[in-house]
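Novice: Dumping the structure here so I can ask a few things about it.
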Amino acid sequence: MRLAATTPSDPPPGAEGAARAAAVRHALPFAPRRGRSLAAVAAACGADALLVLGAEARLWTPGAGPASGRPWSPGMGALRARRLARGERATADGFLDAAGLRPGDAVLDCTLGIGADAWVAAEAVGDGGRVVGLEASAALAAWVAEGLARLPGAAARRVEVVRAEHLAWLEACPERSFDVVAFDPMFRHARAAGPDLDAVRGLADPRPLDPRALARARRVARRAVIVKDGSPGWDLARLGLAPLPSARGAHRLYARLPPA
């Protein structure tokens, strides 16, 4: 997908300079808006999609979502992160329960996606922790990085978004360099979902988790590797992984592996 950066039609002061800087960060061409529609901007610069950067980070693709682009949203991740920030743990969080994160942990999210779990992890590990999120899709990595940068609070800005294929990145990563390594590959068996997840599914790498990546992750992890799957857990079964106990009717299943 050929992606370019631009601004809203009526950008706030400083937005064009900030969008140009973001384009440099993500190695994207910048296309000035100049009062044109997003379709006209995309056609003029030969882009398949546009990262529209102003007060929000929006992603525009032709014929999909609002005419001004779809705003980045972490979905339920926002509520989960707010609960953690308030110190509330009465509501169960399957990812946190499986990962067992502690303050100061280093977490590697190998399949960043929309960034919700990475944001929650950054809240859980606190100021002394570290969260790196890998994303194979250049468009998704740029959209999520810019969305996280616009959130209030320090936790979202602690997420280091890296555009990379996770297998190659893991192979180059020193052993025992992260406390927890997590995988949440896009569910290959589509379920009913909102438009935000549908947008992510269209951008994300659809390939199933490679057992080689799982094996290498167990060398990189100091404490655990976590794999998420949608119910009924066909991909966990394909990988020979047993899901952790969960509530009856749970839509998300998790497996936890020790380091190797």
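Novice: Which far-off residues, 5 or more places away or on another chain, put their amide H under 5 Å from the one on A182, with H placed in the peptide plane?
Specialist: Under 5 Å from the amide H of A182 lie the amide H atoms of L108, D109, C110, I226, each far enough along the sequence or on another chain.
Novice: Tell me, what ³J(HN,Hα) does each residue in region 66-72 have, in order and in whole Hz, if you take phi through Karplus 6.51 cos²θ - 1.76 cosθ + 1.60 with θ = phi - 60° and put x for Gly and Pro?
Specialist: x, 5, 8, x, 8, x, 5
Novice: Going by amide H atoms built from the backbone, whose H comes under 5 Å of the H on T7, apart from near neighbours?
Specialist: R33, L53
Novice: What is the spin-label model distance, in nm, from A250 to D210 if the labels are put 7 Å beyond Cα along the C-beta direction?
Specialist: In this crude label model, A250 to D210 measures out at 2.9 nm.
Novice: Then there's this: Hey, can you find the accessible area per residue of the chain for me, probe 1.4 Å, expressed in square angstrom?
Specialist: On a per-residue basis, 46 Å².
Novice: Using alpha-carbon positions, what is the distance between the centroids of region 14-32 and region 121-189, in Å?
Specialist: For region 14-32 versus region 121-189, the Cα centre distance is 22 Å.
Novice: Classify region 1-128 as rounded, prolate or oblate from the Cα gyration tensor: take a ≥ b ≥ c as the square roots of its eigenvalues, call it rounded if a/c is under 1.5, otherwise prolate when a/b beats b/c and oblate if not.
Specialist: Prolate, since a/c reaches 1.5 and a/b exceeds b/c.
Novice: Enter the accessible area of C45 (Å², nearest 10), with the probe set to 1.4 Å and all protein chains included.
Specialist: Roll a 1.4 Å probe over it and C45 shows about 60 Å².
Novice: With springs only between Cα atoms under 10 Å, which of L239, L28, L108 fluctuates most in a Gaussian network model of the chain?
Specialist: For the chain, modelled as a Gaussian network with Cα springs under 10 Å, the answer is L239.
Novice: Pull out a ≥ b ≥ c, the square roots of the eigenvalues of the alpha-carbon gyration tensor of region 101-169, then state rounded if a/c is under 1.5, prolate if not and a/b is larger than b/c, and oblate in the remaining case.
Specialist: In terms of gyration-tensor shape, oblate.
Novice: For the chain, with all protein chains present and a 1.4 Å probe, just round the carbon and sulfur fraction of the accessible area to a whole percent.
Specialist: The C+S portion of the solvent-accessible surface of the chain is 55 percent.
Novice: From the Cα gyration tensor of region 69-112, with a ≥ b ≥ c the square roots of its eigenvalues, which class applies: rounded if a/c is under 1.5, or else prolate if a/b is larger than b/c, or else oblate?
Specialist: oblate
Novice: Go through region 25-94 and name the trypsin sites (Lys or Arg not before Pro) that are in a DSSP coil and have 14 or fewer other Cβ atoms within 10 Å of their Cβ.
Specialist: Sites meeting the loop and neighbour criteria: R34, R86, R89.
Novice: Please tell me the relative contact order of the chain in percent, rounded to the nearest whole number, where contacts are Cα pairs under 8 Å and at least six residues apart.
Specialist: 15 percent
Novice: Would you mind telling me which residue in S137, S246, S73 has the biggest mean-square fluctuation in a Gaussian network model of the chain, where springs connect alpha carbons within a distance under 10 angstrom?
Specialist: S246
The values are calculated or read from the model by the stated rules, or taken from the named source; none is laboratory data. As the structure is a prediction and not an experimental result, all values here were calculated from the model. Cβ coordinates were reconstructed from backbone atoms using ideal geometry, including for glycine residues, and neighbour counts include every protein chain displayed. Quick note on the areas: whole protein, heavy atoms, side chains included, nothing else; ligands and nucleic acids left out. Shrake-Rupley method; radii C 1.70, N 1.55, O 1.52, S 1.80 Å.
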